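Before any comments, here is the structure.
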Amino acid sequence: MTTIRFSEIERYVPALPGLYEIYTDDGEALKVGIGVNLRKRLIQHRRSRQSRLILRAGGDWSNPADVRSTQSILAKHLYFAGSIDGHELTTEAGRQRFLEEHCCIRFRVTASREEARALERVLEAGGTFPFHGRVNRLSPAG
């Protein structure tokens, strides 16, 4: 597995299928995921766009079920975490700064999306990565 910073995605991550893991600099596991195009997927996470978090008609921003993520589920997970280790995550700029300055990515290329998905399922089942599946208000301690 290769480990990089978010600022190094374009330089090191190929546009191929694979698995990625996101950790804080302190080693706290955050998210495991896959992409048919790893580079594109990780760039979407890095952007963490507020405009891609869509509030359901009549919804409430404090209810995860009322907010849909159209690009990066990580943005939604971070938004509802609120903060990790004192880093403000409810804003696009705060999430971007946190990812750029306090997180790293491990990734590996796989032969197919299916192979990546099988690896992802094993890692998710291990319980190490809190940001997978349904987004809840309760998130990693920080």
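Just the number, please: percent antiparallel of the DSSP beta bridges in the chain, rounded to the nearest 5.
Counting DSSP beta bridges with both partners in the chain, the antiparallel share is about 95 percent.
With springs only between Cα atoms under 10 Å, which of ILE73, ILE105, ILE43 fluctuates most in a Gaussian network model of the chain?
Per the Cα network of the chain with a 10 Å cutoff, ILE43 tops the list.
Under the definition of Cα pairs under 8 Å and six or more residues apart, what whole-number percent is the relative contact order of the range 2-125?
Normalised by residue count, the contact order of the range 2-125 is 36 percent.
Mind putting a number on the dipole of the range 2-125 about its Cα centre? Charges go on the C-beta only, +1 for Lys and Arg and -1 for Asp and Glu, and I need it in Debye to the nearest 20.
Its charge dipole is roughly 600 debye.
Which residues' amide hydrogens lie under 5 Å from the amide hydrogen of THR2, considering only partners 5 or more residues apart or on another chain, with H built in the peptide plane?
Residues meeting the amide H criterion: PHE107.
Sequence-distant or interchain residues sharing an amide H contact under 5 Å with HIS87, placed H: which?
The answer is none.
Per DSSP H run of n ≥ 4, the term is -39500 (n - 2.57); total these for the chain, divide by its residue number, and report the mean residue ellipticity at 222 nm rounded to 500 deg cm²/dmol.
Helices in the chain give a 222 nm mean residue ellipticity of -9500 deg cm²/dmol.
Tell me whether the range 1-50 comes out rounded, prolate or oblate; compute the Cα gyration tensor, take square roots of the eigenvalues as a ≥ b ≥ c, and use a/c under 1.5 as the rounded threshold.
Verdict is rounded for the range 1-50.
From the phi angles alone, apply the Karplus equation (6.51, -1.76, 1.60; θ = phi - 60°) to the range 66-73 and give each ³J(HN,Hα) in whole Hz, x where the residue is Gly or Pro.
8, 10, 10, 9, 9, 9, 9, 4
Placing +1 on the Cβ of each Lys and Arg and -1 on the Cβ of each Asp and Glu in the chain, which of THR90, ILE22, VAL67 has its Cα farthest towards the positive end of the resulting dipole?
Among THR90, ILE22, VAL67, the one farthest towards the positive end of the dipole of the chain is VAL67.
Could you work out the equivalent-ellipsoid semi-axes for the range 2-125, taking the square root of 5 times each eigenvalue of the Cα gyration tensor, largest first, in whole Å?
Square roots of five times the eigenvalues give 24, 17, 13 Å.
What trypsin sites (Lys or Arg not before Pro) in the range 47-142 are in a loop by DSSP, with at most 12 other Cβ atoms within 10 Å of the Cβ?
Answer by residue number: ARG56, ARG134, ARG137.
Each reported figure results from applying straightforward, stated rules to the coordinates on display, with no laboratory input. No experiment lies behind these values; they were computed from the predicted model shown. With ideal geometry, Cβ positions are generated from the backbone for all residues, glycine too; neighbour counts draw on all protein chains shown.
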